Amino acid sequence: GESVGLHLPTLSVQEGDNSIINCAYSNSASDYFIWYKQESGKGPQFIIDIRSNMDKRQGQRVTVLLNKTVKHLSLQIAATQPGDSAVYFCAENGSSNTGKLIFGQGTTLQVKP
Amino acid sequence: DSGVTQTPKHLITATGQRVTLRCSPRSGDLSVYWYQQSLDQGLQFLIHYYNGEERAKGNILERFSAQQFPDLHSELNLSSLELGDSALYFCASSVGTQKQPQHFGDGTRLSIL
C-alpha cells in the first residue's frame, strides 16, 4: 500500500550539532520527494526536494539523501539552531501522475540551547 | 510567508452545518491542492485542481466538494458536518501539476461542536 513512515517520532539535539531525520517510503514507483518543516500554528514550509534521478541534493544548511535501493530518505541539518525546532515531514508523490503528495507521520525536532 | 492565503483562520460550527473554506494561491500558480491534517490521520490529500479543472481526488468524502474559479482561487465546501471533521484544512499551490514544490497556506482550523 501507500505509506511513508518516519523512524523516530522525536529527535532531541544540542544547539550547534548536526541533525539527521530519517524517512522510509514504501512505493518504489515514487520519483519525487519533498521535506517540509511545520511550526506550531503554521502550514508546512517547503525545505528541499529531490528527484529519483539524484541521490543527494544540498541547500542552505540542509542536505537530502535518497537511497532508492532501500527506499530511504534523510534530511541532514547542519549546525542546528533553536529556530529549527519544529515537526519535519517527508512526502512522496507515489505512483500517480498527479501532484498528490503522500506524507509521513512527522518527526519532532527539539533543539536544546 | 508562502504567498498562499487561506480564510478564515478559525471556524467553529455545529454538527449538520455547512462551511466554505477559501484559498488564494501564490501569484502565477495554476494548481491548488487541499489537504486535511488531523491528529490520528496526519496530512491527507483531498483534491487537486489545475487551471479550473479537477485533476485528482484523494480520500475526499462525498459530503465535501471543491472548485477552482477563473481567477484561480479555490473553495472547499464541507457539508453535513460531523464531529470527526474537526481538523486543520490546508491549501497548497504550485505552478504546474506534478514534481514541483507545493507551497502551503497556514490553514483553517475547523472545530465542530
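Looking across the range A:24-37 at every residue that is open to solvent by 20 Å² or more (accessible area, probe 1.4 Å) and not in a loop (DSSP other than H, G, I, E, B), the one that is farthest from the other protein chains (Cβ to nearest Cβ) is identified as A:A24. Looking at the range B:3-17, can you tell me whether even one residue there is open to solvent by 70 Å² or more (accessible area, probe 1.4 Å), hydrophobic (A, V, I, L, M, F, W, C) and either free of Cβ contacts under 8 Å to residues at least 12 places away in the same chain or outside any loop (DSSP other than H, G, I, E, B) (or both)? Checked against the condition, which is being open to solvent by 70 Å² or more (accessible area, probe 1.4 Å), hydrophobic (A, V, I, L, M, F, W, C) and either free of Cβ contacts under 8 Å to residues at least 12 places away in the same chain or outside any loop (DSSP other than H, G, I, E, B) (or both), the range B:3-17 yields at least one hit. Total residues in the range B:88-105 satisfying the condition of being within 7 Å of chain A (Cβ to nearest Cβ), touching a His at 6+ places or on another chain (Cβ under 9 Å) and not in a loop (DSSP other than H, G, I, E, B): the figure is 1.
I'm checking my understanding of the structure. Among residues of the range A:58-89 that are farther than 11 Å from A:F33 by Cα and of a type in the set (V, I, T), which one is nearest to the other protein chains (Cβ to nearest Cβ)? Out of the qualifying residues, it is A:V87.
Scan the range A:90-101 for residues that are within 7 Å of another protein chain (Cβ to nearest Cβ) and buried (at least 22 other Cβ atoms within 10 Å of the Cβ) and jot them down.
First, the residues of the range A:90-101 that are within 7 Å of another protein chain (Cβ to nearest Cβ): A:93, A:96-101.
Within the range A:90-101, A:N93, A:G99, A:K100, A:L101 meet the criteria.
Within the range B:28-57, how many residues turn out to be open to solvent by less than 20 Å² (accessible area, probe 1.4 Å) and assigned to a loop (DSSP other than H, G, I, E, B)? Selection size over the range B:28-57: 1.
The values are calculated or read from the model by the stated rules, or taken from the named source; none is laboratory data. All of these numbers come straight from a predicted model, not from anything done at the bench. Note: ideal-geometry Cβ built from the backbone for every residue, glycine included; neighbour counts use all protein chains shown. With ligands, DNA and RNA removed, areas are computed over all heavy atoms of the protein, side chains included. Shrake-Rupley method; radii C 1.70, N 1.55, O 1.52, S 1.80 Å.
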